[in-house]
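Notes follow once the structure below has been shown.
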Amino acid sequence: MSIEAGITFDPEKEYEVVDGKAEEKEMGSARHGGIGTRLIVRLGNYVESKKLGAVYGPDTSFQIGRNERLPDVSFISIERFPSEGEPEGIWTIIPDLAVEIISPNDLYEKVMTKVMEYLSTGVKQVWLISPEHKTLSIYHSLTDITVLTENDELVSDDLIPDFRLQIKELFQPIS
């Protein structure tokens, strides 16, 4: 992946590489971070206890087609996990699951571009979380989408067998 020469990067910020150019990833809010952390804890504990693979947070970089992306949460199944373990740098395999949490400053076009990239490169599912509407949309493809509200329960299919999550848990830091 080539990036424009002579660019100075702020070490306090994160960047995705899109079409060979560095794009600063918007810093999330406390709500954004809380939702991501609650999902990582619940999903990570489940995946680890069942030895299904590994869950990663928002600072893990993946080669998605010709771009480098930083999903807010991601999962790689044990069947696809390389024998040499985690790489020191960017993952060169795509995740089985990529989760994006919509930030207040996100543009619809940019978010949908990521969803389309993930799906077109073989990511099995994309979960798109809207803090504003308190929904979690599961994209199996661009035409097979399930939208869950805070009153629903996510029951994962064969991607993460028997994983269950009350959607409202993502949006309630303290119950």
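Overview of results
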read-out: Cβ-derived FRET efficiency at R0 30 Å, T149 paired with S49, nearest 0.05; value: 0.65
read-out: On Cα atoms only, tilt of 108-120 relative to the major axis of the chain in degrees; value: 90 degrees
read-out: Residue-averaged 222 nm ellipticity for the chain, from DSSP H runs of 4+ at -39500 (n - 2.57), nearest 500; value: -7000 deg cm²/dmol
read-out: Degrees separating the helix 30-50 axis from the principal Cα axis of the chain, which is the longest one; value: 70 degrees
read-out: The chain, relative contact order [Cα under 8 Å, separation at least 6], %; value: 17 percent
read-out: Of K50/K124; K21/K134; K114/K134; K50/K110, those spanning more than 25 Å from alpha-carbon to alpha-carbon; value: K21/K134; K50/K110
read-out: For segment 15-171, convex hull of alpha carbons as volume per residue, Å³; value: 111 Å³
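Rule-based calculations on the coordinates, nothing more; no lab input. Not measured: the values here are computed from a predicted model. Glycine also receives a Cβ, built like all others from the backbone with ideal geometry; neighbour counts cover every protein chain displayed.
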